[in-house]
Amino acid sequence: AGAFNSNIVKASKYIADRDYSGKNVEFLTIGKKANDILKKTHKIFKNETAIYDDLSFENASAIAEELMQLFVEKKFDKIVIVYNQFVNAATQDVKTEQFLPIVPVEKDENVVLDYIFEPSKEEIV
């Protein structure tokens with residue numbers, strides 16, 4: 001699990017130092033390792049390691065709700081999430097996504113949407 005944690009920490013530090021140099025960057029950490037490493041060099045405003053004691057949608061959504069409230073209150077002007085995306089048991093890809101403010105998805109004019117209706121369109125009508 002060493003690389004699992006260290007890759008997230010490295011990516012988080014890199015993004016903070018590269019994209020937000022000279023700005024007040026704070027971290028909400030989920031997990032003991034990330035918290036232990038990041039608190040040495042960056043400001044941690046909250047650690048949510050206890051979520052692993054009762055990992056559920058409700059507990060995860062409570063964290064998201066808190067972040068949204070802090071954004072609305074203008075404590076943060078941007079919230080970025082850094083996480084591991086599962087590929088297989090041996091591989092995870094580090095992903096970075098802007099959580100807030102929401103960035104609209106760029107439209108591709110050449111996209112053709114093809115919906116599958118179940119039951120058929122006729123049965124639905």
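The values are calculated or read from the model by the stated rules, or taken from the named source; none is laboratory data. Bear in mind the structure is a predicted one, so any value in this text is a computation, not a measurement. Every residue, glycine as well, gets a Cβ built from its backbone with ideal geometry; the counts of neighbours run over all protein chains shown. We work out accessible area using only protein heavy atoms, side chains counted, and drop any ligands, DNA or RNA first. Shrake-Rupley method; radii C 1.70, N 1.55, O 1.52, S 1.80 Å.
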**Asked** Dipole size in debye (nearest 20) for the chain around its Cα centre, Lys and Arg Cβ +1, Asp and Glu Cβ -1?
**Response** 1120 debye
**Item:** Residue among Ile37, Ala64, Ile79 farthest towards the positive dipole end of the stretch 22-84, charges placed on Cβ
**Value:** Ile37
**Message:** Taking the 0 to 90 degree range and rounding to the nearest ten, how far is the long axis of helix 57-72 tilted relative to the main principal axis of the chain, both from C-alpha atoms?
**Reply:** 80 degrees
**Request:** Using Cα positions and a limit of under 13 Å, work out the aspartates and glutamates in reach of Lys32, with same-chain residues fewer than 8 apart set aside.
**Result:** Glu48, Asp53
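With all protein chains present, how much of the accessible area of the chain (probe radius 1.4 Å) comes from carbon and sulfur, to the nearest whole percent? Could the numbers behind the result be given before it?
Numbers: 5390 of 9890 Å².
Carbon with sulfur: 54 percent of the solvent-accessible area.
In the chain, what is the volume of the convex hull around the alpha carbon atoms, normalised per residue and reported in Å³? Numbers along the way, then the final one.
Values: hull volume 26.3 nm³, N = 125.
Taking only Cα atoms, the chain has a hull volume of 211 Å³ per residue.
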**Prompt:** trypsin sites (Lys or Arg not before Pro), restricted to the stretch 27-125: which are DSSP loop and have at most 12 other Cβ atoms within 10 Å?
**Reply:** Lys40, Lys74, Lys75, Lys107
**Message:** Using a Gaussian network model on the chain with a 10 Å cutoff between Cα atoms, which of Thr96, Thr41, Thr29 fluctuates the most?
**Reply:** Thr41
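Rounded to two decimal places and with Rh computed the Kirkwood way over Cα pairs, what is Rg over Rh for the stretch 43-89? Please report the intermediate quantities before stating the final value.
Numbers: Rg = 12.9 Å, Rh = 12.6 Å.
Ratio value, two decimals: 1.02.
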**Request:** Among Val80, Val94, Val112, determine the one that fluctuates most according to a GNM of the chain built with springs between C-alpha atoms less than 10 Å apart.
**Result:** Val112
**Asked** For helix 2-19, what angle does its Cα long axis make with the longest principal axis of the chain, in degrees from 0 to 90 and rounded to 10?
**Response** 90 degrees
